[in-house]
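All remarks here apply to the structure that follows.
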């Protein structure tokens, strides 16, 4: 990923513009902030405020923390007076759930927990074992309003790993903009949002080859504004052949077998994040059909055989 435009390089080399970066860990990944600014010393204050905002959101969304809002919901099955941010993310999750016909599903955490318990003992769960857990899965089994979030079925739990990272990226970019840094980019483990640059250039972003673990890109895309998010079987695979990984089909409890990765460009990282996961489950034909129907959304899909499929407007870089 780079700012490979002549004007940006010239301004940086001349000292008129500085590229300021900082990276912290959050939500089990890294979050990198990039600013283009003529005032390097004052940029750190905006960066510090942004990482403080990210920490606040992690205390809402992390299912790994028992003291987070989501952790308390999962532990007790109900959360009175939920944070506004949690309501907003679940409302977006519900929209993408409906658009994908249920392929995007945040209530799959019981399946993930069971798979991780079995694979930690070098055992692969059977389809029958996973299907037995499906009654605990389903967005329609959640009561969601401003006063309370509650599960209607015992044993339910939620993961927001497929959407909350995008929401946090959007919030981080908004925080940087609020401090006056309008030429900025936020990168969270390869999911990225960027503000328009004053030189009119795009942020150049490499999309990882899902079958190479050395960081090689299979394509480069251009992001003038908005966000890009990628979901892939290689990010957390439970089996060496990538047949069972962290993305699960809520209808079967198994991982989808057609695609190895999906990259989505959308107006917000929250939307791009959720759609990337949903399209992984839908598969190429249905997923591409959905992408083409949604305004200002494009995608690049890579099959298990490394065939690259892209929507009609996906922005290819140089």
Selection within the stretch 42-63 - surrounded by fewer than 13 Cβ atoms within 10 Å (Cβ to Cβ) and touching a residue at least 24 places away in the same chain (Cβ under 8 Å): 44, 45, 55
Among the candidates 294, 301, residue that is farther than 14 Å from residue 226 by Cβ and within 20 Å of the chain's Cα centre (by Cα): 301
Candidates 162, 155, 200, 215 - the one that is modelled with pLDDT of 90 or more, on the phi > 0 side of the Ramachandran plot and not in a strand (DSSP E or B): 155
Qualifying residue in the stretch 207-214 (condition: touching a residue at least 60 places away in the same chain (Cβ under 8 Å), more than 17 Å from the chain's Cα centre (by Cα) and buried (at least 23 other Cβ atoms within 10 Å of the Cβ)): no
Boolean, residue 142 is closer than 30 Å to residue 252 by Cβ and without any contact (Cβ under 8 Å) to a residue 60 or more places away in the chain: yes
Of the criteria (1) in contact with a strand residue (DSSP E or B) (Cβ under 8 Å, 6 or more places away or on another chain); (2) surrounded by fewer than 14 Cβ atoms within 10 Å (Cβ to Cβ); (3) in a loop (DSSP other than H, G, I, E, B), which one residue 123 fails: (1)
Which listed residue is out of contact with any helix residue (DSSP H, G or I) (no Cβ under 6 Å at 6 or more places or on another chain) and closer than 19 Å to residue 277 by Cβ, from 142, 169: 142
Residue match in the stretch 242-264 (condition: more than 19 Å from the chain's Cα centre (by Cα), without any contact (Cβ under 8 Å) to a residue 40 or more places away in the chain and farther than 17 Å from residue 106 by Cα): yes
Top-ranked residue of the stretch 132-149 - restricted to ones that are surrounded by fewer than 17 Cβ atoms within 10 Å (Cβ to Cβ) and within 14 Å of residue 86 (Cα to Cα), ranked as nearest to the chain's Cα centre (by Cα): 144
Failed item in (1) assigned to a helix (DSSP H, G or I); (2) on the phi > 0 side of the Ramachandran plot, with residue 135 passing the rest: (2)
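The values are calculated or read from the model by the stated rules, or taken from the named source; none is laboratory data. Source: prediction; values computed, not measured. Positions of Cβ are backbone-derived with ideal geometry, glycine not excepted, and every protein chain shown enters the neighbour counts.
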